[in-house]
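The values are calculated or read from the model by the stated rules, or taken from the named source; none is laboratory data. All figures in this text were calculated on a predicted structure; none of them were measured in a lab. Reconstructed Cβ throughout: ideal geometry from the backbone, glycine too, with neighbour counts over all protein chains shown.
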Amino acid sequence: MNDLIKLESDKLRYMGLSVDNPCHVTVKSGVTAVIGANGSGKSTLGRILEKGWNIATNIVRPCRPDLKVKFIEFGDIHSLSGFHVEYYQQRHEATMNDEVPTVRELMGQRIDMPQWDVYCRRMRLEGIEDKKVNFLSSGELRKLLVVNVLLESPDLLIMDNPYIGLDAASRDLLDEAIADMSSRGISVMLLLCNPGEIPTVVDTVIPMIDMRIGEPITREGDVQLVRNRVMSLMDYAVDLERIPKSTRVTKPYEVALELRGCNVKYGRRMILENVS
């Protein structure tokens, strides 16, 4: 694995936040997983790698001046589309579909780029162009964001919590896409909360605790060994004593919720039919 970016500052700063870097970490090529609980500084580190090179207090040395880094937050799909897809996904009126763009309308001239068909095949998104955006699954939306960024030919693609909301099949497809990108020379960094999500194709794991970058761990052998080691470094236990106790008195009941003859239709799709 080659060196991509060297972080030489003891403390790295971005947008009023700072991350301690006692090990002077170097980001390697290949697949890297940054693991830490919410608030540990993962996203801040990702933004520093993407945009923090020119800040006077950050000594960040890429392997070459034109190294291109792109950052994706999957929870913010409207960063691609310019509108809130979640809003349209929550509307059941068929007439609302007229207001929602198709993937072709959303992507514009990018669909005509030679690499569009190549990346769509790799991501298993063939024939997606004429789908309404609100009919895309969470997995399809994530992969569409990845394709959109890959068209810019990044050297390092940083993905923030890419597995959240995906079912097992979609996670496997995303793992395949990550492996494919790595095999074609695109380095990938995954910002994850759960050590169990570390993919089998990972090369390096960087733990983060309380806005502090830990010593990188190189995978050697079974990825489960790395997952176990990361789990041992971090305290994922829940302090039950700190959870507020409910003071509400609940009366005894036999039925919590009852449905009779319910139908739910989304566009032309019947979701529930005569369910009781």
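Within the stretch 256-269, is there a residue that is among the basic types (Lys, Arg), over 25 Å from residue 69 (Cβ atoms) and without any contact (Cβ under 8 Å) to a residue 12 or more places away in the chain?
Within the stretch 256-269 (the criterion being among the basic types (Lys, Arg), over 25 Å from residue 69 (Cβ atoms) and without any contact (Cβ under 8 Å) to a residue 12 or more places away in the chain), the answer is yes, since at least one residue qualifies.
When the residues of the stretch 12-25 are filtered to those that are free of Cβ contacts under 8 Å to residues at least 60 places away in the same chain and surrounded by fewer than 20 Cβ atoms within 10 Å (Cβ to Cβ), which remaining residue is farthest from residue 55 (Cα to Cα)? Checked the stretch 12-25; the qualifying residue farthest from residue 55 (Cα to Cα) is 24.
Considering the stretch 230-264, and only residues there that are at pLDDT below 80 and among the acidic types (Asp, Glu), the residue that is surrounded by the most Cβ atoms within 10 Å (Cβ to Cβ) turns out to be 235. Checked against (1) more than 30 Å from residue 5 (Cα to Cα); (2) in a strand (DSSP E or B); (3) among the aliphatic types (A, V, I, L, M), residue 158 meets all criteria but (1). Does at least one position in the stretch 151-160 carry a residue that is under 28 Å from residue 216 (Cβ atoms), surrounded by fewer than 18 Cβ atoms within 10 Å (Cβ to Cβ) and out of contact with any Pro (no Cβ under 6 Å at 6 or more places or on another chain)? So far as the stretch 151-160 goes, yes, one or more of its residues are under 28 Å from residue 216 (Cβ atoms), surrounded by fewer than 18 Cβ atoms within 10 Å (Cβ to Cβ) and out of contact with any Pro (no Cβ under 6 Å at 6 or more places or on another chain). Would you confirm whether any residue within the stretch 103-112 is at pLDDT below 85, under 30 Å from residue 15 (Cα atoms) and crowded, with 17+ Cβ neighbours inside 10 Å? No, the conditions are met nowhere in the stretch 103-112.
Residue 174 satisfies every condition listed in (1) touching a Leu at 6+ places or on another chain (Cβ under 8 Å); (2) in a helix (DSSP H, G or I); (3) in contact (Cβ under 8 Å) with a residue 40 or more places away in the chain; (4) of a type in the set (A, V, I, L, M) except (3). Scanning the stretch 18-32 for residues that are within 21 Å of the chain's Cα centre (by Cα) and over 17 Å from residue 154 (Cβ atoms) yields a count of 1. Taking each residue of the stretch 55-70 that is at pLDDT 90 or above and looking for partners that are of a type in the set (Asp, Glu) and not in a loop (DSSP other than H, G, I, E, B) with beta-carbon atoms closer than 6 Å, six or more apart or interchain, yields 69/50. One residue stands out among those in the stretch 182-224 that are charged (D, E, K, R) and without any contact (Cβ under 8 Å) to a residue 24 or more places away in the chain: the one that is surrounded by the most Cβ atoms within 10 Å (Cβ to Cβ), which is 219.
Of all residues in the stretch 254-271, exactly one satisfies the criterion of being in contact with a helix residue (DSSP H, G or I) (Cβ under 9 Å, 6 or more places away or on another chain) and at positive phi, namely 267. If you scan the stretch 128-149, which residues turn out to be more than 16 Å from residue 106 (Cβ to Cβ) and of a type outside the set (S, T, N, Q)? Result: 139, single match.
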